[in-house]
Amino acid sequence: MPLPTVQTRVDGPMMPVSRQSTRRRHSSNSLEGQRGSLQTTKETLHGDLSVRDRIHHFTLAWFTCTMSTGGIALLLSQTPHRFHGLQAIGDIVLILDIVLFLLFCSLLAARFTLFPQTMRSCLTHPTESLFIPTFWISIVNIFSNIQQYGVPHTGYWLVVTLRVLFWLYAALTLCIATGQYYFLFTGKPLTVQNMTPQWILPIFPIMLCGTLASLISPSQPSSQALPILIAGISFQGLGMLIAVFMYGPYISRLMTSGLPNPNTRPGMFIAVGPPSFTGLALLGISNDLGRIYPSYTSISGVSDPAIIPDVFRILAVAVAVFLWATAFWFFSISLVSTLAGALGMQGMSFHLVWWSFGKLYSHPILLFSAITSESSDPGSSIGACLHISVGSSAPQLLNSPLRFRKAYTNSIVFPNVGFTIVTIELGSALMSEGVLWLGSVMTVLLVVIWLFVGGMHIRAVLKGDILWPGKDEDHDQ
């Protein structure tokens, strides 16, 4: 006699419609690469993956590490209160950044060679493809650091090289920004409920042309510096305006759908970047206009060309001040939200994005290590999200072993590099020693966070929390 089929419910008892809770919950929909379902094979359970298999899961998100490391090197070159040996430390960080960048490029090439199908999938995957800009931001950081650390000690040939690289970078990143947004516009439909600051990422590389222009223009001849500065302020304005257009849906999403999942809240620091880097670019560009106007050229309709640099400088400082305040507000919201998630019962886990966008002050965060997960609505978001059923199976989950997992750690560093440098530049412009000391304190804190995230990154690799099936941005490839 066959045994009867027994069906069990895993989503808990049904609640009466009239008794539904109106308490706001955090949203679990996000573009910020989530975990997919972990395939519980013998290899994944017992840690028997080969190096080849781990390279299979080396994704573009790793470039958030080089993006942040290059930002730290740039920050060290701008710090106002210096000590003997700081320049050497900056040189070491820059060399480390270049070595890591070349290593990551080699590992990515090895992945594409060993697994040819992953090349197309990583460029079209709705989660991993969003990290394409981190590759280009890593490049612009290297260019900026070459200007800061290399040009003062080399010949004119490096000045010419940087000029050529600037125009190549501007052309390529404009194509990237256009193509990637076209992909987003023609892909799966998105909703405001799924909005995250990561939608701004594709415009970041071209926006940073303004910052790069402000750094390299002082070493260029006036005839070459002027078009570089015009291109820089044009692309900086493009990036800032696109970010402003994104801020409206983002704040609307926070008001109507609540905060993102705690694991993805460090990604909120992305919103700090555009106003910070725009203020930085305006201040840097205004510093160099004095040698161009009026000695080299002028602007039609201006009766006294000598006032052009002064007028632009005044406007740049004023605009930079309110952009700094905007960045500070986004930083405050992101910090409070992230700390609330880290200190809450659910906790947070380690992701590569912690490198990218912000400062996070938190403690080690634990997450469930081996659970069965499924997406409740895989078509509703570009990034497949990890959803944990906590109905009748909640006691079993609460008794599961705990361990670290990769979370959005890279969102902890990069945008606040811009926030810190623009603070330093404003201190110089306003001749405020207090603001300059604030910038120095922020520099120290950011370096400490960078070291902490680097240690957590290495730990995650050794423990198999990243470079592992189901745990990276390629979770469903």
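Details
- Accessible surface, the stretch 79-209, averaged per residue in Å² (probe 1.4 Å): 45 Å²
- Per-residue HN-Hα couplings for the stretch 85-90 [Karplus 6.51, -1.76, 1.60; θ = phi - 60°; Hz; x = Gly/Pro]: x, 5, 4, 5, 4, x
- Here the Karplus relation 6.51 cos²θ - 1.76 cosθ + 1.60, evaluated at θ = phi - 60°, turns the backbone of the stretch 188-204 into coupling constants of 4, x, 10, 10, 4, 4, 9, 5, 9, x, 5, 5, 7, 3, x, 8, 4 Hz, with x for every Gly and Pro.
- What a 1.4 Å probe finds exposed on the stretch 101-145 is 78% carbon and sulfur by accessible area, rounded to a whole percent.
- Alpha-carbon Debye profile of the stretch 275-341, log10 I(q)/I(0) at 0.12, 0.26 Å⁻¹: -0.44, -1.01
- The stretch 239-324, accessible surface, carbon-and-sulfur percent (1.4 angstrom probe): 72 percent
- The alpha carbon centroids of the stretch 111-166 and the stretch 54-97 are separated by 14 Å.
- FRET efficiency for Val51 and Val311, using Cβ-Cβ distance with R0 set to 56 Å, rounded to 0.05: 0.40
- Couplings 3J(HN,Hα) of the stretch 208-216, computed from phi: 6, 4, x, 5, 5, 4, 5, 7, 8 Hz, in residue order, whole Hz [Karplus 6.51 cos²θ - 1.76 cosθ + 1.60, θ = phi - 60°; x for Gly and Pro].
The values are calculated or read from the model by the stated rules, or taken from the named source; none is laboratory data. Being a predicted model, the structure only gives us computed values, none of them experimental. Every residue, glycine among them, receives a Cβ derived from its backbone with ideal geometry; neighbour counts consider all protein chains shown. The area values use the complete protein model at the heavy-atom level, side chains included, leaving out ligands, DNA and RNA. Shrake-Rupley method; radii C 1.70, N 1.55, O 1.52, S 1.80 Å.
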